[in-house]
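The values are calculated or read from the model by the stated rules, or taken from the named source; none is laboratory data. Just so it is clear, the model here is predicted, and its values are computed rather than measured. With ideal geometry, Cβ positions are generated from the backbone for all residues, glycine too; neighbour counts draw on all protein chains shown. The protein model used for the area step is the full one, side chains on, heavy atoms only, and it has no ligands, DNA or RNA in it. Shrake-Rupley method; radii C 1.70, N 1.55, O 1.52, S 1.80 Å.
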Amino acid sequence: MKASIITSLLIFALSAHAQLTDWQNISSKNFVMKIIHDQNFLYVGTKGGGLVKIDKQSGKQTVLKRADGSMTGNSITDMAFHNGELWVGTEFNGLAKVTDGGIEKFDIKNAGFRINQNISGFYFNADGTMLIGSIASLYVFDGKKCTAVYDINPISPYSYVKRIRADRDGRIWVACYDALNNYDLCVFTSNDLVPYNISYGRVNNIETDKDGCLWIATNKGLVKFDGTDFTHYTPDNSALPEANIADITADENGNLWMLSEHNITKFDGTNFTPHPYQLNVSNDYLLTIDAADDNNVYVGSRFEGLLKLTDNGLAAIPLTDNQLYDSGISISSGCIDGKGIFYASSQNGFQTYNIDTDECHFEPMGVIAQTETDRNGNVWLLWPWFATDTCLVELTATGKKAYMRTDYPFSEADANLIKFDRKNRLWIATNKGLYMRNGETWMAYNKSNSSLTKTVQCMAFDSNNRLWCGTFGSGLFCFDGTRWSNYTTSNTSLPSNYVGTVTVDNNNVLWLNCRDPRYPDKMGSEYGLGLTRFDGNACTTYNHNNSPLPSDCFWDVQVDADNRLWLATAGNLGVVGLTCFDGTEWTIYNTDNSGIALNEVTKITLDPKRGLIWLTHHPGLGLSVARMNNISTAIPSITISSYSDSYYYDLQGRRVLHPAHGIYIKNGRKIIK
């Protein structure tokens, strides 16, 4: 007899969301942005790696990060203690208050901040309110909400608060970064933020000493203001070793400690004591300093993390859970090789991460624009358009092969994208057309032999190995190996002829993100035109007005084995997120409801063998990884001869005698070979 297996589980899975669980944030802790201390702990704020809490006695390290909800964001810009509470400013995730009872988040949604970015510069008023800085704004904060906001140079293209201090006369000083250099030092009054111009150089930071005097670190020396007079210390009139002082802090004994390019300098009010240092990593530099006393001086660097000043110079203190060399991953970077190892590129080279062993490998190279895996599981690295010699590198199990621009037909073109079709042929999109490599033979497609007249921005291949590519200005193209077809606003209902992303689902339906023709290169919700479904004839477009889409602009779109769409939305960091669409329901993963490191994702990489989704975050926030659960087979029923049937079936329910690589059903279960 034949038995028919119709499992309610499969039917339920068809309508269920693709739940993401077991979130991990994969990042580096080599970029230290802020350090503070109390009696028992050292607190180290990193860019991308969260907050590391170090027990001074035992050396035990605890990491507070987004993935487990112990921190609101992984990029820490500032920290301060007040009344037993730790206040933490983040680069992208607002303000956090950390107590023994947990963590509380304040952002644009619940506290009235204009923006969640670059929260820094804390000052605690006697009336219980706080002054808090951010990009372009200074806020008065009552512990729950912002009650007033002041502009920092409204005509400046970029500005933010660095530090806030009060002098002996109660004047509140605000050190800012201002691209126009007009607001780098201000005095805060009851109703305004007033620029205070000094003639002693550009202000880098400020500090006050035990007597309430203001000390100003500039690019032309150290300046003291006692409430009446300014005193300017330079290498020419004092023992100050260097003029450009990057950061300044006061220790518990009233001494000042300063950072400069080659020295960490102590000033006791009379004498300057320089401590020359050398860094161990090329192009490294120091960003921040914290000092308790002469024996506890710590600095944070760009590439080597946390360092302690010793009699022999700077000694590195390894930080736990340091999974990458650099969290600054390129926008289009992320792929999985045949062994399940993740490849990511950055401005300094490429790095690999093995999630099974937690091992990371970094190889210094030039700037790499894209990583891509071919059908054999080999990884390819694409150099950016401005590279002068190498354009591609192929990584195999036995080594690597470099492709030089001058050796290939695209030597005069600038490559911006690579893809591999179902026959493992390499396609390169350039500003002068498409190039395809078949074995050792190259074929060029441009305006002389095809319909292509614009630069190709995106590519995808359907199950028939037809190439679909989007352009900026000429719409969508399809190439079946012989004939080119062009789809535009003239012959379809495409929202525009500027196509930024394209993917093909398991039913050969295309999903596109068209862009505003006026601003096709800008990434923001207002510059995109939503998610368009195109079946070759008709178009249906979803946007934030007719669907739950958080943004109409996407960095990336991918399709999983269950024909679900995964969208990397672009725009306001407070509202965008990773979006899943199963054809009926929308699920949005963001920092409010998941362990994702940052709401903005620039690249999605699916790992069906392990059931994982990898997310690339830019700028400098590393990776997020989650497990994809509730994944259905999309097969409502399979008829088999017995319950112990050992045959394989494809996703159409047909028996397969010799299964190759792919997804199959065996004994009622999904099998990936």
Quickly run through region 564-584 and pick out the residues that are open to solvent by 10 Å² or more (accessible area, probe 1.4 Å), touching a residue at least 40 places away in the same chain (Cβ under 8 Å) and either among the small types (G, A, S) or in contact with a His (Cβ under 8 Å, 6 or more places away or on another chain) (or both). G571, D582
Within region 28-57, take every residue that is of a type in the set (S, T, Y) and either surrounded by 24 or more Cβ atoms within 10 Å (Cβ to Cβ) or in contact with a Phe, Trp or Tyr (Cβ under 6 Å, 6 or more places away or on another chain) (or both) and give me the one that is farthest from E252 (Cα to Cα). S28
Flag if T587 is within 13 Å of L615 (Cβ to Cβ) and open to solvent by less than 30 Å² (accessible area, probe 1.4 Å): no
Tell me, yes or no, whether region 220-235 has at least one residue that is within 22 Å of K34 (Cβ to Cβ) and in contact (Cβ under 8 Å) with a residue 12 or more places away in the chain. yes
Restricting the first residue to region 537-555 and requiring it to be farther than 25 Å from T616 by Cα, which pairs with a second residue that is among the basic types (K, R) and surrounded by fewer than 19 Cβ atoms within 10 Å (Cβ to Cβ) meet a Cβ separation below 8 Å and a spacing of at least six or different chains? C539/R533; T540/R533; T541/R533
crowded, with 18+ Cβ neighbours inside 10 Å, without any contact (Cβ under 8 Å) to a residue 24 or more places away in the chain and not basic (K, R): does that describe S282? no
Looking only at region 436-469, which residues are closer than 16 Å to V559 by Cβ and among the small types (G, A, S)? A460, S463
Looking at region 205-217, is at least one residue open to solvent by 20 Å² or more (accessible area, probe 1.4 Å) and either assigned to a strand (DSSP E or B) or in contact with a Pro (Cβ under 6 Å, 6 or more places away or on another chain) (or both)? yes
D592: surrounded by fewer than 17 Cβ atoms within 10 Å (Cβ to Cβ), more than 26 Å from S463 (Cβ to Cβ) and of a type in the set (D, E), yes or no? yes
Condition first: out of contact with any Ser or Thr (no Cβ under 7 Å at 6 or more places or on another chain) and either surrounded by 13 or more Cβ atoms within 10 Å (Cβ to Cβ) or within 16 Å of Y435 (Cβ to Cβ) (or both). Now tell me which residues in region 381-399 satisfy that. L382, P384, W385, A387, T390, C391, L392, V393, E394, L395, T396
Checked region 350-395 for anything under 18 Å from L417 (Cβ atoms) and among the acidic types (D, E); matches are E372, D374, E394
